[in-house]
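The values are calculated or read from the model by the stated rules, or taken from the named source; none is laboratory data. Since we're looking at a predicted model, the values are computed, not measured. Cβ: placed from backbone, ideal geometry, glycine included. Neighbour counts: every protein chain shown.
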Amino acid sequence: MHKSIVNLNLIKEDLKAKIINYHNIKIIAVSKTFPFEAIMPLIEYGHLDFGENKVQEAINKWTEIKLAKPNIKLHLIGKLQTNKVKQALKLFDYIHSVDTKKLAKKIADEELKQNKKIKIFLQINIGNEEQKSGINKDYLNEFYLYCKNLNLDVVGLMCIPPAEAKSEIFFKEMALLTKKLDLKELSMGMSADYIEAAKNSSTYLRIGSDIFGKRS
């Protein structure tokens, strides 16, 4: 059995042992920078959720396989520039990084042109870090209503907590924000902190190195 499949099953066992509602959690195998040969064993194994950071890299890797296997769900977890929205909508099923009105409007316009609905996560800058993308939590209600008025399918919230702090504090806050808006999904937790994220109601874990190994 391929190492990535073994690793994925170890993560599932870990979740099963520690999380009551583990069956509600989806694992996004973050395949960014990994070549297609590294990803293929997981696809053949039947894993469905994969994450990419860059639109062009995803187009090169996933266009043909998505046509062959339409049940695969592709998640854009990196920053999306407005000039890449048209291409992103053609390929991705989920965008986890919507954080400006300009981007939201561009997605809404492009959805009409392509007659396609995509599932949206609003990215929160939960640690108020200057260098990070995401909206300030104080503007979340206003931004959420703006997106709903554009008829975007907002399914949940997403965050990347500060690297040097304890993730759990931020995960708890994200769970509360999600509950306040009565949203079903929450995208948080990576290789280093996915159990803490899962304990705080995360429904999508974005795991790369724990599945595929260290990036070169």
* To do: Those residues that are among the hydroxyl-bearing types (S, T, Y) and in contact with an Asp or Glu (Cβ under 6 Å, 6 or more places away or on another chain), I need them from region 154-197; list them, please.
  => S167, S191
* **Flag if K117 is surrounded by fewer than 16 Cβ atoms within 10 Å (Cβ to Cβ), over 15 Å from the mean Cα position of the chain (by Cα) and either of a type in the set (D, E) or under 19 Å from I77 (Cα atoms) (or both)** => yes
* Residue in region 16-24 that is crowded, with 18+ Cβ neighbours inside 10 Å, at pLDDT 95 or above and out of contact with any Pro (no Cβ under 9 Å at 6 or more places or on another chain) present -> no
* Asked: Do we find a residue being more than 13 Å from the chain's Cα centre (by Cα), polar (S, T, N, Q) and within 17 Å of K26 (Cβ to Cβ) anywhere in region 159-176?
  -> no
* To do: Just need a number here: residues in region 12-46 that are assigned to a helix (DSSP H, G or I), touching a Phe, Trp or Tyr at 6+ places or on another chain (Cβ under 7 Å) and within 23 Å of S201 (Cβ to Cβ).
  => 2
* **Pairs with Cβ under 8 Å, 6+ apart, first in region 69-96 and more than 9 Å from V55 (Cα to Cα), second at pLDDT below 95 and among the hydroxyl-bearing types (S, T, Y)** => K79/S133
* Among what's in region 194-216 and is in a loop (DSSP other than H, G, I, E, B) and at pLDDT 95 or above, pick the residue that is farthest from the chain's Cα centre (by Cα). => N200
* **Test for L140: is it crowded, with 16+ Cβ neighbours inside 10 Å, in contact with a helix residue (DSSP H, G or I) (Cβ under 8 Å, 6 or more places away or on another chain) and under 20 Å from T203 (Cβ atoms)** => yes
